Amino acid sequence: MNRIAFITFLTLGFVLTACDEDPVSSNEIDNDGRIMFIRNSREFSQICTIKPDGTDMRVIANYDYNGEFRYEGYIYCRWSPDKSRIVVEGGPRNVRGFVGWNPLWMMDMNGRLLYKLIWSGSRPVWSPDGRKIAYVRNRSYVQDLYEIEASGGNETILLEAEIGSGWGYSYFPYDWFSGQKSEILLSETFIFTDSTGKRGVRPSELLAYDPDSKGKRYLTDDKVNNGYGRISPDGTQIMYTSQLPEPYLYYLSDLLLMSSEGDSIRSLTDGRQPVTYFRGAWSPDGQRFVTSEIRSAGFSYEEHGADIYVVDLATSMWDTLTFDRGKGITNLVMDWR
């Protein structure tokens, strides 16, 4: 299987840089863990890690476009609970040019692709025991929730989206509750076609879905788009983003904190310049949160970008980890372990 993956990788022109040492760990004792993020530009796509103080950035895997920009590369990735493997969306692919048609791969900690999990999937999330991976797959204009054994094998559908004539539901997984709960944190979006034939969407809500009982527990119920939720290490809190649905404010969002029951909501972005907060992760001790902050400095691609920020939940102080905005580079947070 390794040989097959390697041949496929060469055939599709991927330049994959693997480190001789584990790019996540270090000889020194580091209780703060490391932050994993995807770093993309017109020239390259990389999976990187960095220390929470913004130092010691290491490249796990590198895909060089060789001067020809394509909408390919690494899209999403998450560490296994024991931080021994990485599930990756994107990378070497068999289908090009179709949005949402991305394979899911298993990668080792040195950036080597081990095997392909599934031919098409999106937003993979590990189960707390590291044995399964949940993800969504497109069906018509909706997305269904699946799971697959982390070692590979047959996929199982967990939540089949309702779909009708011109309407349907779509889901995105963000996290998996640990402990006795088997719930998966999802966003749910209702898609519809209006009287003019134009497709629209209602604001998305966050919910906890139990695959065993098929029960849904809604955590938000308002008129804004809620998403990118992450569960705290102790399972008691959820950090998420909230965006107004109006077109002229669509790219502005807040970073909010709520209890795992959906109450006690607190904003972490009051007083900050309006921007878009995109994905995030908790520190291992649950005292800090890291997120990507996107600002559009102009209309050209090179003037756009995203940097990584860490917020201390006790003091509400923000620190900047990367300084690439304005260089055409986006740094998108994936995980922190």
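The values are calculated or read from the model by the stated rules, or taken from the named source; none is laboratory data. The shown structure was predicted, so the numbers you read here are calculated from the model rather than taken from an experiment. We place every Cβ from the backbone using ideal geometry, glycine too, and count neighbours over all the protein chains shown. Quick note on the areas: whole protein, heavy atoms, side chains included, nothing else; ligands and nucleic acids left out. Shrake-Rupley method; radii C 1.70, N 1.55, O 1.52, S 1.80 Å.
Specify which of the listed residues (MET36, MET57) is touching a strand residue (DSSP E or B) at 6+ places or on another chain (Cβ under 9 Å), open to solvent by 50 Å² or more (accessible area, probe 1.4 Å) and either at pLDDT 85 or above or farther than 19 Å from VAL310 by Cα (or both).
Only one candidate qualifies: MET57.
I need a count of the residues in the range 319-337 that are modelled with pLDDT of 95 or more and open to solvent by 40 Å² or more (accessible area, probe 1.4 Å).
2
Of everything in the range 90-115, what is touching a Leu at 6+ places or on another chain (Cβ under 6 Å) and at pLDDT below 75? Give them in sequence order.
Scanning the range 90-115 gives a single hit, PRO92.
Failed condition for ILE133, given (1) open to solvent by 30 Å² or more (accessible area, probe 1.4 Å); (2) assigned to a strand (DSSP E or B), with all others met?
(1) is the only condition that ILE133 fails.
If the requirement is being assigned to a strand (DSSP E or B) and at pLDDT 85 or above, which of these qualifies: SER316, SER242?
Step by step, each of SER316, SER242 is checked, and only SER242 is assigned to a strand (DSSP E or B) and at pLDDT 85 or above.
So which residues in the range 165-200 are over 26 Å from ALA281 (Cβ atoms) and open to solvent by 30 Å² or more (accessible area, probe 1.4 Å), if there are any at all?
Listed by number, the residues that qualify are SER165, TRP167, TYR169, PHE190, PHE192, THR193, ASP194, SER195, THR196, GLY197, LYS198, ARG199.
What pairs come out if I take residues in the range 139-161 that are more than 23 Å from LEU207 (Cα to Cα) and of a type outside the set (Ser, Thr, Tyr) and pair them with residues that are open to solvent by 50 Å² or more (accessible area, probe 1.4 Å) and in a strand (DSSP E or B) whose C-beta lies under 7 Å away, six or more apart or interchain?
Final answer for the pair search is GLU149/LYS132; ALA150/LYS132.
Being at pLDDT below 95 and charged (D, E, K, R) is the filter; apply it to the range 136-152 and report the residue that is surrounded by the fewest Cβ atoms within 10 Å (Cβ to Cβ).
ARG139
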